[in-house]
Structures are given as C-alpha cells and as structure tokens.
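Throughout, read-outs are computed from the coordinates displayed, never taken from laboratory work. Quantities reported herein were computed from a predicted structural model and do not represent experimental measurements. Counting neighbours? That spans all protein chains shown, and the Cβs are built from the backbone with ideal geometry, glycine included.
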Amino acid sequence: MKGRIGIGAAVAALAATLSAPAFAQAAEQVSETAYIFNSLSFLMHGFLVMWMAAGFTMLEAGLVRTKSVATICLKNVALFSIAGIMFYLLGYNLMYDGVDGGFIGSIAWWAPDDASALAGDFGAGYSAASDWFFQMVFVATAASIVSGTLAERIKLWPFLLFVVILTAIIYPITGAWVWGGGWLAKMGFADFAGSTVVHSVGGWAALTGAIILGARKGKYGAKGTVHPMPGSNLPLATLGTLILWLGWFGFNGGSQLAMGSAADVIAIAQIYINTNLAAAGGFLAAMLLTQIIYKKVDLTLALNGAIAGLVSITAAPDTPSMGAAILIGGVGGLLVVVAIPLFDRIKIDDVVGAISAHLVAGIWGTLAVPITNPDTGFGIQLLGVVAIGAFVVAASAVVWFAIKAAMGLRVDEENEELGLDRAELGLEAYPEFGSGSQAL
Amino acid sequence: MKGRIGIGAAVAALAATLSAPAFAQAAEQVSETAYIFNSLSFLMHGFLVMWMAAGFTMLEAGLVRTKSVATICLKNVALFSIAGIMFYLLGYNLMYDGVDGGFIGSIAWWAPDDASALAGDFGAGYSAASDWFFQMVFVATAASIVSGTLAERIKLWPFLLFVVILTAIIYPITGAWVWGGGWLAKMGFADFAGSTVVHSVGGWAALTGAIILGARKGKYGAKGTVHPMPGSNLPLATLGTLILWLGWFGFNGGSQLAMGSAADVIAIAQIYINTNLAAAGGFLAAMLLTQIIYKKVDLTLALNGAIAGLVSITAAPDTPSMGAAILIGGVGGLLVVVAIPLFDRIKIDDVVGAISAHLVAGIWGTLAVPITNPDTGFGIQLLGVVAIGAFVVAASAVVWFAIKAAMGLRVDEENEELGLDRAELGLEAYPEFGSGSQAL
Amino acid sequence: MKGRIGIGAAVAALAATLSAPAFAQAAEQVSETAYIFNSLSFLMHGFLVMWMAAGFTMLEAGLVRTKSVATICLKNVALFSIAGIMFYLLGYNLMYDGVDGGFIGSIAWWAPDDASALAGDFGAGYSAASDWFFQMVFVATAASIVSGTLAERIKLWPFLLFVVILTAIIYPITGAWVWGGGWLAKMGFADFAGSTVVHSVGGWAALTGAIILGARKGKYGAKGTVHPMPGSNLPLATLGTLILWLGWFGFNGGSQLAMGSAADVIAIAQIYINTNLAAAGGFLAAMLLTQIIYKKVDLTLALNGAIAGLVSITAAPDTPSMGAAILIGGVGGLLVVVAIPLFDRIKIDDVVGAISAHLVAGIWGTLAVPITNPDTGFGIQLLGVVAIGAFVVAASAVVWFAIKAAMGLRVDEENEELGLDRAELGLEAYPEFGSGSQAL
C-alpha cells in the first residue's frame, strides 16, 4: 500500500527490538540496517521506474509515423523533466502533506527532511529523499500516456502546458485521495501501485484530450472506414514494451514501500513474480485473440496486451496467486484487443492504443482487487474508479478548453500533413531513410 | 554454484552466531539481514537477466532482414512469456524438487513457500519466491538462442510449441542433472552459471532445428558459394549486445546465490570483473582476427565475439584471475570467428551466429573450468558436455520431427520470399523505409 | 568525494560500535552489514555506469550519418573493452596506489586483495574488487566523448590506439591528482563525481583531436557557411540520452562511495534527486533557448542540454538544494546551445556536440562547486580546471601527432566520401533502407 504511512513490518520490527533494553545499541544498529534497506528499495526501484520514461519514448516513437517521431521523443523527455520539477514545486505536498482523510494536501514546495535519521533516530523508517525520488518518477508515467494518445497533431507547447497542470495539480489531487491518506483511502479503496491512481488518471486525461482534439486528418473516412496508419518502427516499439516490462518490477515492487524485513522482501519477490506473469498472460492472450479474430498475429496489439497485463496487476500485485496473476493479466490483454477497434469505431483516435492499455485495463485491474484482497470491496473500488474518473475528466476538460482558447491545441492542416517534426522542430527523425528529403 | 543447496557463507554465519545464546535476539536480526541480502541479490540480478530478453530481441531484430524483423520481435517476447508460465506449471519442480542424485525432479506446479521465514526462522537463507524469479528468467535465455538461429523461415506457432516443450521439459531435465543436484552434480560436473546448462542447451536445440529445417532459400548456391544476407539494422544489434553484456552481470553475479556475507559480496565483485573482462577479451580478439583474416573488421562477428566471451566465462566466472578471464573470453571470441564460416561451409544456416556464440563457446567454457577450478576435472566436464548434448539433440529432434509431421515447420517458398512479417503477421516492421510498400 | 580514502560514515559507525566491548560479536556482524552495503553500492551503481556505454553508443549512432553508424558502434564497444583491460594492466594503480599528495601512483597491474575481509576484518569498509569495478566503468566514459567528436573521418585503429593511451596513462594521471589523493586534492580541489576528472578530460582530448584532425569534408564552406549534417536516427539519439540519464544515477550516486549508514543512503537519495533535476533543468533550458533563438525547438540541442545538465551537477551533486540543482543544470543547458554554434564558427567540427556538453559544462560545473560547497574555493577550482586542461591538451597533442606520424589519423577523401562503414568495415549499418545499395 502506497503512502507515507505504514511501512509496517520494518517499524514493527524496530518496536519489538526496542522493547529489549539490554540490546539497545545492537538494536539501534539493526534498525539502521532496516532504514538503509527501505531507502535502497526506493532508490533501486525508483531508477527502474525512471527507465520507463525511455520505454514510453521508444514505444511511442515506434508507433507513430516517421514524420512525427522526433516530436514524440522531445515531448517524452520534456514531460519527464517537467514532472520532476512540478512535483517538487507543488505536487508532492499537495498529494502527501496533511491530507488526513480529506481531499487535498498543502500548497508548499517540498524540501527533504532527514534530520532525525542523521541524528540517530531511524523511526521514520526510510529516507524522505528516497521516498520523494520514488514518488516523483511515478508522475511522469501518467503524462506519458497522454503524449502517446495525442501524438501527430497536438502542438508542442500547449501539450507541455497541459503536462504542467497534470503533474502539479490534477495527478496530486486524486493521488491525495488514495495514497495521501485521503477520503478514498479512509473508505477502504485499494490501489497498491496505481492501476487507477497512475494509469487510469493518465488514460482519462488522454481520452478527454482525444475527444477535444479530434482525430488525425484522414484517419476516419466515410461510412465508418478506418484508414490504418501503421507504426513506423516496430523493433523500437518492442524495445519500449520490454523497457516498460523491466521498469514495472520497480513500479510494483517498490510500492511495497519497504525492504527492511524478511516479510517485505518476500512480498517484493511475490510482486515481481506476479508482475511478470501478468505481462506474460496479457501478451499471450492478445496474441491468441488476434490470431483467432484476424487469422494473423498483430504485434502491435500483442505489445499493448503485455502493457495491459502489467496495468491490470498493478492495483494488487501482492495478493493474487500465480495462476490468478496470469488470468488477471490475460483478461487485460483480451480487453485491449477488443477496446482498440471499439475506440476507432467511435472515432476516438488513440495513436498508440494507450487509452485501451492504461484506462480500460486500469479499470479492470482496480475492480479485480476484491477477488484476491478481502480488505476491500467491489463497491468502494467502483466508487474510486468513478470518482477519480469524473474528477480527471472534468479537470482535464477545463484545462484542455482553456489552453485551446488561449493558444490553440492543434497544428493547422498543412503542418499536420507536413508532419510535426518539420513543422515544429524543423528537422526529420530519419533524414536519410526512405522518402526522407535530405538523403545524401 | 547453482542450486537450492549450498548458500554456504550465509548459513555458516547464521550457525556461528546462533551458538552465542546471549545474543540470540541480535543474532536473529542479523540473520534476517543476511536473508534480505540474499533475496535482494536474486531480485536485482534477476531483473538484469530479464533485461537480456530485450538484448536478444534487439540483437536478432538487427541481424535479420527487414522482412522478418517484426516476427522475430514477436517470437522473443512470446518465448519469454511462455518460459515464465511453463517454468511455473512444470519446469521448476522438474528441475529442482527431489532430484537427489538422479535424473529428474517431480511433476507438480510450483508454489512459493516462505512460511518459515515469515514465522521468524530464516534458516532457508533466502526467499523461495526470489529464487524462483531468478531461475525463471534463465529459462528464456535458452529459448532465445533457438529463435535467432531459425529466424526468417520457421513458422510462428510451431516454433512457439517447441518453446513450450523446451522450457517445460528439456531444459529442466538437463538442469536437474546439474543445478538440481542430479547425477552430473554428484559426479563433480561444474557449471557455475550455465555455459552448458543454459547456453549449450539452447545451442544444441538450435543446431538440431537448423538441420531439420534447412537453410533459407538462396543462402547457399552451387559450388559452395554462400550468399551473404547482412543484418538490416546494426545499431540495434549493437544495442542488443550491450544489453546482454549488462544483463550478464546478473546472470553470473546472481549465480553466487547469496550476498549475505562479506565473502559472498566479494565473490560477486570478482564475478562482475571477470565477466566484463571476458566480454572485452572476446570482442577484441574477434575484432583482431577479422582484421587479420579479412583485412576489415566485421562488426557482426565482433559483437558475436563479445557474446562468446561472456558465454565462455559463464561456467566459472568466480575462479579465474583477471588475466585468465581475458584469455578465456578471448579464445571464445576467436572460436566464433572460425566457427561461423565453418557452419556456412556445411550449409547449416544460423541466421545470427547463435550456435557459434552459445554452443561452441559454451563447450569451450565448460571444458576450461578445470584450468582454474581444481574441484572438477576434464573428464567429468567432457562427460557433462557430451551427455547433455546427446540428450538435448535427441529430445529436440523428436520434438522437431513431431511438430513437422503434425503441423509443418517451415513457411512455403512464396511466403519465405515475401517475408514472415507480411506472411504471418500481415504487417511490416518499417513500413515507411526503403523499399517499404506503404511509404507515405 | 572519490578515492580510496574516506568512506567516512561507515568507518565511523564501525569505530563507535567497537568501543562497546560487551557487544563485540553483534558489532562485528553489523560492520559486515555495512561492508556489504558499501560493496553493493559499488556493484549496483557500477552496472548503471557500465550501461552508459550503451548510452554513448546509441547517442553517437543516432547523431552521425548512416554511412558511419556501424563504425561508431564498433568504436564504442571497442573502447569500453579496451578501457577495462588497460585500467587493469596499468591505469588503476597509476591513479590510486601511493599517490600521496603527488602527481602519479605506481606502475603495476592491479590485483584484488580482499583477504582481510575474508578473514573477518571489515575495516577496509568495502570490497576492493567492487571498488575496482566501479572505478573501471568510469574510464570508458572519457573515451566515449572522444569517439563522438571525431566520428566520420578518423581511422579505426589509430583511434583505438589513442584510447589505449588515454585510458592507461592520461586519464589515470589527472585522476591521481584528484581522486588518487594527489596534489590537487591536497590543495582542496573538489570534484565529487568527475565534471573535470572524467568529462572535461574526455572533452580536452576530443578538442585536441578535432583541431589536429580537421573538420569533415564539406562541413564548412566559403564565407563562414556551415553545412548541416543532421543526425540519421533521432530516436536512437534520444534513447542514448535517456540511457545516460539513468546511468548517471550510478555515476553520481555511487560516487558517495558508501551506503553502509543512514547518512550515506540519505546522501545518495539527495544525489539522485539533484542529478535528475539538473538533467531536467538542462533539457528544458536548452529547449526554451532554441525556441527563442531559432523559433523552433531543436531536439538534438535539447538532448545535449540534458547531458550538459548532468555534467554540470556532477562536480557537486550532494551539496546543492533542489532549486540550485535545477539552476546549475539549466545553466549547463544554456551553455551548450551557445557553445555548439561557436565551435562551428571557429571550424572545430564536433560531430555530436560532445565538447560543448562535456567540456564546457564540465568547466562550469567545476567552477560552480564553491557556490554550494564551502569546503573549496573558486581559486583552487579554477587552478584544477586549468592544470588538468593543460596537461590533457599537451599529452593528447603529443599522442595524436605521434600516431599521425606513425600511421596516419584520417581516412583519405575517397573513403570519407564513401563512409567509414564501407571503407573500414566493408558493410553498411542499414543495408536495406533508403539509399542503401543492398536493398533486397
């Protein structure tokens, strides 16, 4: 369970040890050991989650057309940069400071305070700086989902302005409700590592943006025809998926929030196993279903199946059995194969399939928690999904419309035809390949 | 030394500490610390080995022709997915449960059991779940070797069916003989991290498949001519090699199976060093030899040289001096430069050079163990190589022929000409590049 | 602070604990725990720095033209291989053994000595083998900088010969002055993780080489015109930058040289945070400045901005506040946008912008240390920058001219036109794309 509260096992071990005064000095040393393990878990798992930024970048660079590749690379690095700075300036304290069953934290920038541990009191359980690092790398994930869906037609700076609001305000507010100890947490809503708090939030923001922005020119023809715009570099998309897969061990494993006891490291090991099996289940299920439906295996859908499997298990990677993990991920993979053409049918143009993989599978994963975790219930899980969805859709819509009114959201038709790389960056991602104009 | 037995140092430390009853509580804490370190080693090194899946994918995607790139990506992610599920359903217990000097473990799916540690008894030394995760990621490596060799002409589903058998049955059986504590282990066969148990097993299965499947159309002409079919994306192949290099620190370092004592972490450090130097030696030796033979440096052969260096040191990364590690890896690099054209001469079409890099270097590395490790001998090492080779060739041949009879192994000529991506996946990996038909 | 001396907190904790004799046995165990944590930090952070080799390779492969891609891949793997072997044969002891306030260490190959820890005395604080691994992976970074600047016209073997000298002699000598405890260290020069010791050293060697080698044919025209030669694969360049970003957590975090106390892990967490924020500041500052100057955002410059931000914070990632880290990195990003066209104006052809990102930002970062670290001063920082710069320029020039006289440095005009890949390797990086001659 995420949050600043409750690193459980480590603190309990500390308390137990402290009750034996004759061993006070040894005990203090031991608690420092747990403190180091807990902080190390945040750091190691945090750098794995940071690596997911490269995963989203490669996935999206592989799935857009060549004329938009450099722009999507730029956006992904920029949003990761912005997320870190905004979470420092506003986001972290809005999400975690003094929420106390309510709706929102405090408005103040964050500053590390590890003074008590430096003075020899390890009761905090872990370094606050390590915790900030771990929570920070999560923020960019939500924004990366948006960049993929809206690729190839949204203007650069308006998109980045939305990212500023998303990472500084929208994500932290709904995060406060759950991981900050807010009203949903108090009611028993469970989302271990963020099927809803991270992935659905990004997905709702992307969905709202896609509706307001409209589809790419030429994507949908008359009489419901859909013009395929295939990804330009499938090994890059595959690399991106495998990076995400790796990073997800950090995403879910680090969300145990502690590694200072045997119980914690056992939980992390089980989380790694379930995370891997859910991804495998999602990939294989999507493969099989595309073979059945289309008589061919669609690599892009199968990759999204793996991601959907990962999103699905994220709400509860610790409680399912191994078989259940495969099934939970597998259902996620099936959902993505069904959802992607459905969104096309209603003319919502999601360039990389992120709404299906992150929002649809995120909802499924969140609702599936009570199956393996008796501490929550279907009703509160549904309430959490709906409440967070409603808030994110409403807040995002306000922001999207405000930006649209102030500076416009979409490049003009000529520039969309030309491609964002030439229009907004003045360069090409692959100047010497194929139809590239600068081939030497 | 791999296996569920013998984490040595940690358990010894525990025993020594427990003999001092006055410090029982502190001692228990200390042993929990070792337990956490040991489990952390499995998890951290395990995620590095998982990352090798991306290494194989990029290496193979870079070395096949563009018309087969998407398919090889799909196969690699699929085989990693399958390996995890099959090792859960059958493989792990077949390899590790109750082998006891024999030939085979038990037939039962695996379930984690860390109850004793949760009850405060850390005598197991590490979390069983963390060990499973680490052993699981090894399985896919063997299968990845097969996918590279047989690329560009084997049908998707028959290949995946072979992977099911390989990861559920063939790999676990020979694994049981060594790491499961079976007959070869009892006789003193030494293979620290799997030159034979992983790499040769994959190589033998690939060799058997390559013979049964035959060469790509047009690869070998009249009078012994070999038509070169160069890799389509060499930076991806380079990336793949560097990913494997990184992952190998996990592969070899984690095979120490413990990190809970100073002796263990010192051993891991030495293993990292030797692994790095062997890769360097293999790369540089292959570079130099191609310069001498061909008057040009062949990047593809040099990359295979690095991989061969890594495979060579894998049987004993802990015992050689640093100079010996360079030489062991260097010989591996030379072997690969010699072996690849030899396989071409006998018309065995190994698309990525995997038989040379994994099987030939794996045999060399296994036979070289006695040079630096006095606990084994040349005779038993040779017996292990031959016995495991014979079993894998025989078992693979049966499976390949059975699949061939049941559903066919090879795409028809027209589809091979067209490329597997269009024939089996209905898409292209790079639709806008070069001769791509969908260039916009 | 780098070096074999001063792992501070861990040793102090050990000393404090040993003063309580009644707890001697528990204390010894605890010190073994610190020993393991310290060594683990070297190993974990070391593998992250090793991964930077892939970062440089992808960055450079993405920024050169297609006809030089395979060669730059080969050079980067080769230089990483050479660096490891030369640091073993000569470099490490030249840098660290018996420098003692002087200019140079001893001439002897390195051999691991962890015997005292194996005998139960953990006073060394960490495994010498783990330290060697960590220091070794730094060496290649300096050489990677050179390869990027001189790409597309330097011959393969002369370049590699320079790498041998750089990694065996030049880098270790200036390294001895600072991290080896030499004269600059004694005077108070501070360079936590190598803004000068690693990045400027590589930058000076690259600058010297670029002047001696001359620009690529056709790069500079009459009347100061500059012919742009855009990078051939920008998603690869982006991937390379993100790999470097990830690896830099190891580069800076591991340079704390200890993780065995709460104080150390807190410092590492703060270093991770500042490293991330400096990279973000550098990327965003470069983006904004290119938008202002050119009315377009230049992805290549922005990526170099992130790298410059990382280089800038490297001299003192531990002392700045978070806001200061953003600013230090941001200035680095601005400098790179200004410096790259300046070098073009004076006709110094730096193919990937490495001199600007590593040397210019490295000087800035080194001079900025006193702003947040009162233990050093502007005068000594400037002295260090100048002294190391003078030595590296002089030594590099001697080596470059000697190699030029002995075997030539530059390919002939015809081969430069043809491209290094065909001229020196006899192959193409992307044979089937675009203007590739072997498209099937």
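Just a few scattered comments:
- Environment charge of B:Ala34, counting only residues whose C-beta is closer than 10 Å and scoring Lys/Arg +1, Asp/Glu -1: -3
- Helix B:361-372 and the long axis of chain B differ in direction by around 30°, with both axes built from C-alpha atoms.
- Cα-based values for region B:250-323, radius of gyration first and Dmax second, are 14.6, 50 Å.
- Within a straight-line Cα-Cα reach of under 18 Å, A:Lys155 can be paired with the following aspartates and glutamates, leaving aside sequence neighbours fewer than 8 residues apart in one chain: A:Glu60, A:Asp349, A:Asp350, A:Asp412, A:Glu413, A:Glu414, A:Glu416, A:Glu417, A:Asp421, A:Glu424, A:Glu428, C:Asp298.
- Its Cα centre serving as origin, region C:325-438 has a Cβ charge dipole (Lys and Arg +1, Asp and Glu -1) of approximately 660 debye.
- Of interest is the spacing of the C-alpha centroids, which for region B:345-394 and region A:388-435 amounts to 55 Å.
- Semi-axes of the equivalent ellipsoid for the protein assembly as shown, computed as √(5λ) from the eigenvalues of its C-alpha gyration tensor and ordered from largest down, come to 38, 36, 36 Å.
- Using a 7 Å Cα-to-Cβ projection, A:Lys347 label spacings across copies, nm, ascending: 6.0, 6.0
- Cα-based convex hull, region B:43-97, per residue volume (Å³, whole number): 85 Å³
- The angle between the Cα long axis of helix A:299-314 and the main principal axis of chain A comes to about 30°, on a 0 to 90 degree scale.
- Ranked by the mean number of other Cβ atoms within 10 Å per residue, highest first, peptides A:331-342, C:342-353 order as A:331-342, C:342-353.
- Cα-centred dipole magnitude for the protein assembly as shown, charges only on beta-carbon of K, R (+1) and D, E (-1), debye, nearest 20: 3080 debye
- Viscosity 1.002 mPa s, temperature 20 °C, Stokes-Einstein D of region C:183-271 from Kirkwood C-alpha radius, µm²/s: 126 µm²/s
- 28 Å Cα-Cα reach of C:Lys223 towards lysines, excluding residues that sit fewer than 8 places from it in its own chain: C:Lys67, C:Lys295, C:Lys296, C:Lys347
- Euclidean distance of C-alpha centroids, region C:282-323 and region A:218-279, integer Å: 29 Å
- Counting Cα-Cα pairs of region A:216-258 in 10 Å increments starting at 0 gives whole-percent bin shares of 23, 24, 23, 20, 9, 1.
- Cα pair distances of region C:89-138 binned at 5 Å [whole percent]: 5, 20, 23, 24, 19, 8, 1
- Ordering of A:184-194, B:292-302 by burial proxy (mean other Cβ atoms within 10 Å per residue, highest first): A:184-194, B:292-302
- Only helical runs count toward this figure. For chain A, summing -39,500 (n - 2.57) over DSSP H runs of n ≥ 4 and dividing by all residues gives -20500 deg cm²/dmol at 222 nm.
- Placing +1 on each Lys and Arg Cβ and -1 on each Asp and Glu Cβ, with no other charges, gives region B:242-388 a dipole about its Cα centre of roughly 360 debye.
- Between 0 and 90°, nearest 10: helix A:262-294 axis offset from chain A longest Cα axis: 20 degrees
- Plainly put, the tip 7 Å out from Cα toward Cβ on C:Glu417 is 3.9, 3.9 nm from that tip on each other copy, the closest given first.
- Shielding of A:317-330 by partner chains, average beta-carbon count, 10 Å: 2
- Selection from B:Gly305, B:Phe159, B:Ile388, by position along the positive dipole direction of chain B (Cβ): B:Gly305
- Note on chain B: Rg/Rh from Cα positions, Kirkwood definition for Rh, rounded to two decimals, is 1.00.
- Options C:Leu63, B:Leu246, C:Ala108, ranked by Cα towards positive dipole end of the protein assembly as shown, top entry (Cβ charges): C:Leu63
- Take each residue in A:129-136, count the other chain C-beta atoms within 10 Å of its C-beta, and the mean is 5.
- Label points for A:Thr372 are taken 7 Å from Cα along Cα→Cβ. From this copy to the others they lie 4.1, 4.1 nm apart, shortest first.
- Relative to its Kirkwood radius, the Cα radius of gyration of region B:287-388 gives an Rg/Rh of 1.01.
- Positive-pole candidate from B:Gln291, B:Ala34, B:Gly221, dipole of chain B, charges at beta carbon: B:Gly221
- Across peptide B:280-293, the mean count of Cβ atoms from other chains lying within 10 Å of each residue's own Cβ comes to 3.
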